[in-house]
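The values are calculated or read from the model by the stated rules, or taken from the named source; none is laboratory data. What you see is a predicted model; the values in this text were computed from it and never measured. Here Cβ is always computed from backbone atoms with ideal geometry, including for glycine, and neighbour counts include all displayed protein chains. Note: areas computed on protein heavy atoms with side chains; ligands, DNA, RNA excluded. Shrake-Rupley method; radii C 1.70, N 1.55, O 1.52, S 1.80 Å.
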Amino acid sequence: MNKFFNTFSLIKKEFLIFSSIFLISLFLRLFDVSSRAMHHDESLHVFYSWKLFEGLGYSHNPMMHGPLQMELTSIFFSIMGDSDLSGRLLYVACGSLLVIMPYFLIKHINLISCIMISLFLAVSPTIVYFSRFARNDVLMNLFSVILIILIWNYLSNRNSKNLYFISLILALIYGTKESSYLIIFMLVSYNLLNIVYLGYFHFKMKIYSNYLIFSELTLIQIISGIYVETINIFKNSITNKSNNNYVSISILLITITLPLWAAFSGIIFNFLPLEINLVSSEINSGIGLPDEKSRGFAIIITGLLFLTSILIGVRWGQLVWIKCSIIFWVIWVIIYTTFFTNITDGIYKGLWQSLGYWIVQQGEGRGNQPVYYYLILGSIYELAVIILSVAAAIYYIKIKKIHPTDFTYFLIFWAVSSWIIYTLASEKMPWLLFNITVPMIFLSGKFLGDLLTALNLKRKPVYMSILVSAICIILTFNLWITYRVNFINSDIPKEMLVYTQTSPDLKSISNAIHTYQNSSNQDTNILIDTTSGFVWPWVWYLRDNNISYKNLKSENIDQIDLDVLIVHSMNVSKLPSKIKNQFQDPVIFPHRWWFPESTYRNINANTITNLITEPERIYKLFDYLIFANGVSGKIGSENAYLYFKEDFPNVKIISQNLK
């Protein structure tokens with residue numbers, strides 16, 4: 001009876017702790033979430049979600065990644081109506097759920113570690129910012145963490161129910177974003193390393209059993225011996241002569257998703273002397289799709305991968321694999337066909353263009369950032385976590401006073417491989433820091449929890465008090481940076497995390513346009529210049545208004561009786577005087593603006609030496625790290641001109657006071 005009450009008391013405490021952390025994280029993500037101006041990318045996602053909500057359907061476009069976020073956001077619109085708030089609620093919900101996921105790893109790490117991870121996830125500046133942002137990175141990380149939980153549950157108990165849930169989550173991951181391929185590559189690589197290590201162990205035992213000396217073997221003999229033993233492990237697992245959990249998970253992850261990797265063949269064919277183009281960069285062919293001559297090859301390749309997937313999968317898992325495959329492909333088809341409303345096009349693009357488009361984009365190197373980009377960005381917003389994760393890796397691998405478990409080694413691998421993968425990828429963006437931060441927080445939290453537990457067991461209250469105080473200081477500092485980024489500078493690019501952001505002035509102007517049109521007793525004519533993609537986010541903000549859009553770089557204005565005109569700065573000189581004279585003096589405002597990249601590009605040894613040796617530079621660095629001061633005057637922008645009549649509502653252009 002006492003054992004029952006002790007268990008109940010522990011569960012109650014756990015519930016209170018994680019509920020409190022969840023509520024804190026929900027508040028940080030939800031409070032005033034609609035105040036920030038819609039970023040260009042956000043407006044794309046919510047606008048097409050709105051079109052789906054309005055019954056206009058959705059056709060998969062790989063530029064916006066997987067269709068799932070649009071489909072889920074449209075559901076939020078159907079429940080709460082369409083607004084900036086409801087357009088971001090999906091991401092708020094996923095970001096808040098991510099915070100409590102560590103609790104479900106309690107079988108693999110201690111309770112204190114779970115609490116540490118949740119606390120750091122709750123107040124991380126990067127994670128909070130992109131949990132208030134209508135992009136799919138928070139969905140990907142939530143699904144990835146759930147996938148990792150399910151995989152480790154299977155590794156510990158071999159319950160086939162976990163495989164069914166893994167298949168479901170895999171479908172959601174592939175329906176969300178193409179970084180799914182990187183996640184599966186990372187997970188399979190970790191499993192293969194474990195299998196190769198086991199092959200090495202088997203080979204070593206065989207050498208000793210034959211009274212041979214391992215050190216006397218040549219390198220070729222060792223490599224070939226390990227290779228043979230590793231292949232035997234795979235063969236025995238596939239034929240069910242023996243079951244290796246790492247092999248089982250690897251086979252499931254590879255075979256279930258194998259047909260979706262078909263577009264990678266385009267990279268291989270690029271090196272062959274054949275006139276076959278499986279991932280075209282031509283807009284007319286469809287970026288990432290095979291050209292007309294190569295479509296037959298694409299069909300054959302996809303068919304062969306399906307066949308290979310079925311043969312290996314059924315041989316390994318029989319009925320279990322068939323069930324997993326059905327779960328995955330049914331959900332995948334529902335996502336990519338938008339509930340069977342776009343069957344042929346959705347399946348075709350999902351199977352090939354989804355990956356093919358981003359293979360082409362890697363050649364573009366969007367962002368064109370230096371190789372150390374994430375180190376600079378991470379040092380500004382996640383410095384403590386970087387230091388702690390490095391210390392954790394060194395401690396577990398070298399010092400080993402706390403014996404590292406298999407899961408600890410996985411966390412180290414996850415953190416290191418994430419840094420390597422996203423650093424090597426040609427496209428570097430602030431939101432991808434999310435994918436590096438999450439594994440670092442898991443490793444750091446595990447490390448802190450292990451240290452606290454060890455100090456408690458050894459009864460060292462002084463050291464424990466020092467460590468707890470240090471953790472509180474780190475969390476408090478993170479909370480300040482989170483407040484600064486999300487509630488002071490959320491759409492002001494004084495922050496490096498704020499990337500090519502829509503100016504807050506657009507929201508003020510769109511509100512004025514709403515007021516102007518609603519108060520007018522007659523029809524109003526409003527024209528917006530779409531040069532340089534200026535159509536976004538206007539089409540979202542003014543979705544219910546009667547607005548004309550025209551690219552004035554290539555077209556002329558044929559309307560004379562305009563009431564409001566918004567023009568890209570490069571086209572102002574082309575406006576006829578008879579049109580300009582109809583309006584009041586124009587208001588100039590930044591349509592989008594960005595962080596001054598000159599502050600971190602071209603860093604070299606001299607830059608670092610000057611920073612260390614000059615106290616004034618050190619002061620400026622800390623002033624920026626703590627208060628984000630010192631860059632306002634360098635902010636770049638792409639401007640527009642607002643022309644309006646005398647009866648147009650007053651618009652407060654706040655950007656003038658911020659730059």
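Assorted remarks:
- Matching residues in the stretch 149-177 - criterion: being touching a Phe, Trp or Tyr at 6+ places or on another chain (Cβ under 8 Å) and among the hydrophobic types (A, V, I, L, M, F, W, C): 149, 150, 152, 155, 163, 166, 168, 169, 170, 171, 172, 173
- Positions within the stretch 54-110 being small (Gly, Ala, Ser), touching an Asp or Glu at 6+ places or on another chain (Cβ under 8 Å) and surrounded by fewer than 21 Cβ atoms within 10 Å (Cβ to Cβ), in sequence order: 59
- Positions within the stretch 553-588 being polar (S, T, N, Q) and touching a residue at least 60 places away in the same chain (Cβ under 8 Å), in sequence order: 569, 582, 584
- Taking each residue of the stretch 473-494 that is closer than 17 Å to residue 430 by Cα and part of a helix (DSSP H, G or I) and looking for partners that are among the aromatic types (Phe, Trp, Tyr) and open to solvent by less than 10 Å² (accessible area, probe 1.4 Å) with beta-carbon atoms closer than 6 Å, six or more apart or interchain, yields 485/129; 486/129.
- Residue in the stretch 453-474 that is over 18 Å from residue 111 (Cα atoms) and buried (at least 18 other Cβ atoms within 10 Å of the Cβ) present: yes
- Residue among 80, 70 that is in contact with a Leu (Cβ under 8 Å, 6 or more places away or on another chain), aliphatic (A, V, I, L, M), modelled with pLDDT of 95 or more and over 24 Å from residue 144 (Cβ atoms): 80
- Per-region count, the stretch 221-252, residues within 14 Å of residue 200 (Cβ to Cβ) and either touching a Phe, Trp or Tyr at 6+ places or on another chain (Cβ under 6 Å) or charged (D, E, K, R) (or both): 3
- Filter result for residue 274 (aliphatic (A, V, I, L, M) and either modelled with pLDDT of 95 or more or open to solvent by less than 90 Å² (accessible area, probe 1.4 Å) (or both)): no
- Just one of the listed residues (358, 321, 329) is more than 17 Å from residue 280 (Cα to Cα), surrounded by 21 or more Cβ atoms within 10 Å (Cβ to Cβ) and either in contact with a helix residue (DSSP H, G or I) (Cβ under 9 Å, 6 or more places away or on another chain) or not small (Gly, Ala, Ser) (or both), and it is 321.
- Some residue of the stretch 192-213 being among the polar types (S, T, N, Q), open to solvent by 30 Å² or more (accessible area, probe 1.4 Å), over 25 Å from residue 420 (Cα atoms) and out of contact with any Asp or Glu (no Cβ under 8 Å at 6 or more places or on another chain): yes
- Selected residue (only one of 350, 363 is under 30 Å from residue 300 (Cβ atoms), crowded, with 21+ Cβ neighbours inside 10 Å and over 18 Å from the mean Cα position of the chain (by Cα)): 350
- The stretch 253-270, residues that are aliphatic (A, V, I, L, M), touching a residue at least 12 places away in the same chain (Cβ under 8 Å) and either open to solvent by less than 40 Å² (accessible area, probe 1.4 Å) or closer than 18 Å to residue 300 by Cβ (or both): 253, 256, 258, 260, 262, 263, 267
- All of (1) closer than 19 Å to residue 60 by Cβ; (2) part of a helix (DSSP H, G or I); (3) hydroxyl-bearing (Ser, Thr, Tyr) hold for residue 309 with one exception: (1).
- On inspection, residue 224 qualifies as over 34 Å from the mean Cα position of the chain (by Cα) and either within 21 Å of residue 306 (Cβ to Cβ) or free of Cβ contacts under 8 Å to residues at least 24 places away in the same chain (or both).
- The residue list 142, 163, 150, 121 contains one member that is closer than 17 Å to residue 71 by Cβ and either open to solvent by less than 20 Å² (accessible area, probe 1.4 Å) or assigned to a helix (DSSP H, G or I) (or both), which is 142.
- For the stretch 279-318, taking the residues that are modelled with pLDDT of 95 or more and among the hydroxyl-bearing types (Ser, Thr, Tyr), the one that is surrounded by the fewest Cβ atoms within 10 Å (Cβ to Cβ) is identified as 308.
- In the stretch 603-628, residue most open to solvent (accessible area, probe 1.4 Å) [restricted to those that are in contact (Cβ under 8 Å) with a residue 60 or more places away in the chain and part of a loop (DSSP other than H, G, I, E, B)]: 603
- The condition of being under 30 Å from residue 149 (Cα atoms) and of a type outside the set (D, E, K, R) does not hold for residue 219.
- Where a residue in the stretch 277-291 is under 13 Å from residue 363 (Cβ atoms) and its partner, wherever it lies, is hydrophobic (A, V, I, L, M, F, W, C) and surrounded by fewer than 24 Cβ atoms within 10 Å (Cβ to Cβ), with Cβ under 7 Å and at least six apart: 279/359; 279/360; 280/287; 281/287; 281/360; 287/360; 288/359; 288/360
- Applying the condition of being among the polar types (S, T, N, Q) and open to solvent by 20 Å² or more (accessible area, probe 1.4 Å) to the stretch 332-343 and asking which residue is nearest to residue 54 (Cα to Cα) yields 341.
- Among residues of the stretch 388-412, those that are in a helix (DSSP H, G or I), under 15 Å from residue 445 (Cα atoms) and in contact (Cβ under 8 Å) with a residue 12 or more places away in the chain, counted: 13
- None of 565, 527 is touching a Phe, Trp or Tyr at 6+ places or on another chain (Cβ under 7 Å), assigned to a strand (DSSP E or B) and either open to solvent by less than 30 Å² (accessible area, probe 1.4 Å) or over 26 Å from residue 658 (Cβ atoms) (or both) except 565.
Each row is one residue, and each column tells you yes or no for (1) under 30 Å from residue 402 (Cβ atoms); (2) in contact (Cβ under 8 Å) with a residue 12 or more places away in the chain; (3) touching a Lys or Arg at 6+ places or on another chain (Cβ under 6 Å).
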residue	(1), (2), (3)
29	no, yes, yes
35	no, yes, no
44	no, yes, no
65	no, yes, yes
78	no, yes, no
93	no, no, no
99	yes, yes, no
105	yes, yes, no
109	yes, yes, yes
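- The set of residues in the stretch 568-598 that are open to solvent by less than 20 Å² (accessible area, probe 1.4 Å) and part of a strand (DSSP E or B) comprises 568, 589, 590, 591, 593.
- Restricting 515, 500 to those that are open to solvent by 10 Å² or more (accessible area, probe 1.4 Å) and more than 32 Å from the chain's Cα centre (by Cα) reduces the list to 515.
- Boolean, residue 354 is in a helix (DSSP H, G or I) and closer than 21 Å to residue 63 by Cα: yes
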